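Notes to accompany the following structure.
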Amino acid sequence: MASALPDGAAPQNRRMRIATDLSRIGVEVAALLLAATCGGCGEPGILLCGKCREALRPELQDSMTPRGLRVRAAFPFDGVAARCIRRLKGEGETFLARPLGAALAEALALETTPTTWVVPVPTTAKAFRRRGYRVPDLLIRRAHVEPQRVLSVAADTIDQRGLGAHDRAANVHRTMRARRRGEGAEAVIVDDVVTTGATLDEAARALHAGGFRVVAAVALAATPRRGGFG
Ligand SMILES: [Zn+2]
């Protein structure tokens, strides 16, 4: 008898094929887990162990950028949080955005109201090509907030790593612009890791130029620095 199924397979054959597919997926998931190591401590066979999950409870940090913008960070850039952030940024382990985003949510909640624009620091085209995702935007989404991609990078800066505070500021100055007018709207800038605060200052400058009122910045982690910041 003719089957109603589009490929003409008998239902029992289809069920068998689905079962085979599922067991193949199961094998692949098991293989993935066997290859996995904890994002925080490297323990094999797990994506994030209980102890490291526990260590991702926020330890709120307050600091100030060179130009006086208040920064609230969920963690010091250290230990389990720093290792998880490195793996999220450097090794494509996007599942870590979920526990990290939950920590960011706590810092964000202290600085925003329902009408605040939550603006991620823009990702350069080069970084986006390399990763395939925008780290600050992803973290904001995992904090259950919709990122407002108001800022764009007008010019590609050179890698900030290895630059001192003065060079970082010079490197990012006037590299961003606001693509929309703020009309006095309140904005909070979000970045993953804040080091000298130069990037946040540039983001604040561009938002002010676009008519926004920047009230604070929120970061997932802040690097403590000798001589003030942190
Ligand atoms: Zn661990």
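Where a number appears in this text, it was derived from the coordinates with a stated rule and is not lab data. On a predicted model such as this, the values are computed, not experimentally measured, just so you know. A quick note on method: Cβ atoms are made from the backbone with ideal geometry, for glycine too, and the neighbour counts reach across all protein chains shown.
The length gained on full extension between Phe128 and His166, counted as 0.36 nm times the residue separation minus their Cα-Cα distance, comes to 11.1 nm. Treating the angle as unsigned and between 0 and 90°, give the value, to the nearest 10°, between the Cα long axis of helix 11-35 and the longest Cα principal axis of the chain. That helix lies at roughly 40 degrees to the long axis.
Working note: Karplus 6.51/-1.76/1.60 with θ = phi - 60° gives the range 128-143 the couplings 5, 5, 5, 9, x, 8, 9, 4, x, 4, 4, 5, 5, 4, 6, 8 Hz, where Gly and Pro are set to x. Structural descriptor for the range 146-226: relative contact order 32 percent, calculated from alpha carbon pairs under 8 angstrom and at least 6 residues apart. Per residue, the average separation of C-alpha pairs within less than 8 Å and at least 6 apart gives the range 10-55 a relative contact order of 21 percent. Under 1.5 on a/c is rounded, so check that first for the chain, then, if it is not, pick prolate when a/b is larger than b/c and oblate when it is not; a ≥ b ≥ c are the square roots of the alpha carbon gyration tensor eigenvalues. Prolate, since a/c reaches 1.5 and a/b exceeds b/c.
Using a simple spin-label model with pseudo-atoms 7 Å out from Cα toward Cβ, Lys89 and His144 lie 2.7 nm apart. Take every Cα pair under 8 Å whose residues are at least 6 apart in sequence, average their separation, divide by the length of the range 57-222, and the relative contact order is 29 percent.
Residue-wise HN-Hα couplings along the range 105-118, as the Karplus relation 6.51 cos²θ - 1.76 cosθ + 1.60 with θ = phi - 60° gives them from phi, are 4, 5, 5, 5, 4, 6, 10, 10, 10, x, 9, 5, 7, 9 Hz; Gly and Pro carry x. Counting only alpha carbon atoms, the long axis of helix 198-209 and the longest principal axis of the chain meet at about 80°.
For the chain, the longest principal axis of the Cα atoms and the long axis of helix 79-90 meet at an angle of about 70 degrees. Residue ranges 94-103, 215-224, 50-59 sort as 215-224, 94-103, 50-59 when ordered by packing (mean number of other C-beta atoms within 10 Å per residue, highest first). Label sites at Thr113 and Ser152, each approximated as a point 7 angstrom past Cα along Cα to Cβ, lie 3.1 nm apart. Amide H contacts of Val194 (H built 1.01 Å from N, in plane; Pro and chain starts excluded): Ala221, Ala222, Thr223 sit under 5 Å, all sequence-distant by 5 or more or on other chains. A cut-off of 5 Å between modelled amide H atoms, ignoring neighbours fewer than 5 places along the same chain, links Val218 with Arg72, Ile189, Val190, Asp191.
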